[in-house]
1. With θ taken as phi - 60° and the coefficients 6.51, -1.76 and 1.60, list the Karplus ³J(HN,Hα) couplings across the range 216-230 in order, rounded to whole Hz; mark glycine and proline as x.
2. Starting from 0.36 nm per residue, how many nanometres of slack lie between Phe203 and Arg67 once their C-alpha separation is accounted for?
3. Could you give the length gained on full extension between Asp59 and Gln15, defined as 0.36 nm per residue of separation minus the Cα-Cα distance, in nm?
4. Can you give the helix-only mean residue ellipticity at 222 nm for the chain, where every DSSP H stretch with n ≥ 4 adds -39500 (n - 2.57) and the sum goes over all residues, rounded to the nearest 500 deg cm²/dmol?
5. Using only alpha carbon pairs under 8 Å that are at least six residues apart, calculate the relative contact order of the range 242-359 and give it in whole percent.
6. Of Gly332, Val350, Leu309, which is farthest on the positive side of the dipole of the range 285-374, counting Cα position, with +1 on Lys and Arg Cβ, -1 on Asp and Glu Cβ, and the Cα centre as origin?
7. Could you tell me the distance between the Cα centroids of the range 262-311 and the range 54-93, to the nearest Å?
8. Points 7 angstrom from Cα along the Cβ direction at Asp49 and His300: gap in nanometres?
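What follows draws every value from the coordinates through simple rules; no lab data is involved. Note that the structure is predicted; figures quoted are calculated from it, not measured. In this analysis, Cβ positions are derived from the backbone assuming ideal geometry, glycine residues included, and neighbour counts consider all displayed protein chains.
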Amino acid sequence: MPGRLVDTTLREGAQAPVPYLTPGQRGDLIAGLARIGVAEIELGHIVADTAMGADALPDLLAVAAARAPGVRRAVWCRATEPDIRAAAALGPDVVSFALPVSDLHLRARLHRDRAWALARVPVLVEAARSGGIGCVSIGLEDATRADPVYLVDVVHAAAEAGADRVRLADTVGIADPATIIGLVETTRRHFPGDIGVHIHDDFGMATAGSVAALTAGADWADVSLLGLGERSGIAHTEQVAAWLAIRGGDPYDVAAAAELSRSLAEWVGRPVPAQAPVIGAEIFTVESGLHLAGLFADPHTYEPYAPDLVSTSRSWRFGRQAGRAAVAGLLGGPDGTSPVRDVTAATAAVRAAAEARGRSLAPDEVAEVLSRQTAGRCDM
């Protein structure tokens with residue numbers, strides 16, 4: 001089965017300090033996620049003893065039903081019976097609640113112990129079932145810092161209670177991909193239902209960890225467009241979807257993911273870095289002479305996928321690293337020779353011009369330099 005994605009831009013992403021999305025933008029985002037091919041959208045969270053989530057979530061659930069038919073609608077909440085009942089009352093397909101499993105979180109945040117958390121598992125699953133929820137997902141918060149033996153105990157309790165999914169959370173992004181693989185494999189031995197992961201990007205490993213989890217047998221990975229979320233965010237929807245589509249052959253629309261990510265960047269005022277994977281404007285801009293020569297010979301030499309797959313294009317730069325083969329390729333001549341001019345002299349002229357300007361040159365600037373050389377001028 002293809003790796004399935006839970007997009008949580010509207011829940012995890014809402015924790016980032018960015019401008020709030022308008023209702024229209026949220027609707028467009030939901031429709032765009034459906035085009036990408038995500039299987040589940042986490043639409044937000046609710047807290048029973050406050051108004052938090054109560055105003056927007058019913059509308060979002062209705063919008064998702066209309067604009068993303070067939071995509072599971074999920075609501076997140078804390079591991080309390082009132083929260084779970086409030087979430088269930090909204091009628092989502094999935095209720096996910098987060099139960100801390102590390103001693104740090106249990107003691108520092110909740111002033112509880114391991115026995116308390118273990119005893120809560122069947123109570124909380126029953127609260128969701130009694131509310132008519134068809135898919136109950138238990139998020140095991142801070143799983144990567146939990147005692148491994150105790151974590152297995154909690155997983156066993158979830159299985160015995162009849163939970164549909166356990167979600168392993170790397171809450172502070174400390175786990176390397178090998179650790180994530182080990183957690184997934186251990187959990188698989190003790191849990192018959194679905195396994196998901198929620199990996200934060202504090203050390204830049206969220207996408208790698210999520211892909212590793214899916215290849216190790218996890219059924220679900222939480223993702224967010226642009227990786228939007230608290231602190232450094234989580235795994236990027238566009239990156240994980242692109243890897244699954246291009247390397248895994250799964251049916252995700254990479255172009256749709258790139259387009260929606262760029263739209264979200266505009267909505268929330270977070271410019272996309274020029275070299276951001278999948279969506280950066282300059283990810284196919286090349287200056288190295290070696291790479292340019294390879295691209296002229298066969299684009300596959302230095303491109304993992306075609307630029308048009310993510311709605312961008314190749315851009316060549318010629319600088320002080322420019323080689324004869326690259327300049328010959330630009331001029332249309334084979335292997336360092338050109339019917340137009342001496343490639344050795346042309347290469348020297350390009351390098352000198354780039355050095356004089358302190359930057360690499362675009363192809364039209366190279367043409368200008370070489371036209372001056374041909375005319376016998378030296379002002380570069």
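1. Taking θ as phi minus 60°, the curve returns 7, x, 5, 8, 9, 9, 6, 9, 9, 4, 6, x, 4, x, 5 Hz for the range 216-230.
2. Values: separation 136, 0.36 × 136 = 48.96 nm, distance 3.53 nm.
The Phe203-Arg67 span can extend by a further 45.4 nm.
3. Numbers: separation 44, 0.36 × 44 = 15.84 nm, distance 1.96 nm.
Going from the current span to full extension adds 13.9 nm.
4. That comes out to -13500 deg cm²/dmol.
5. On the way: 139 pairs, mean separation 23.1, N = 118.
It comes to 20 percent, rounded to a whole number.
6. The one lying farthest along the dipole's positive direction is Val350.
7. Each part's Cα centre sits 37 Å from the other's.
8. Result: 6.2 nm between the two label points.
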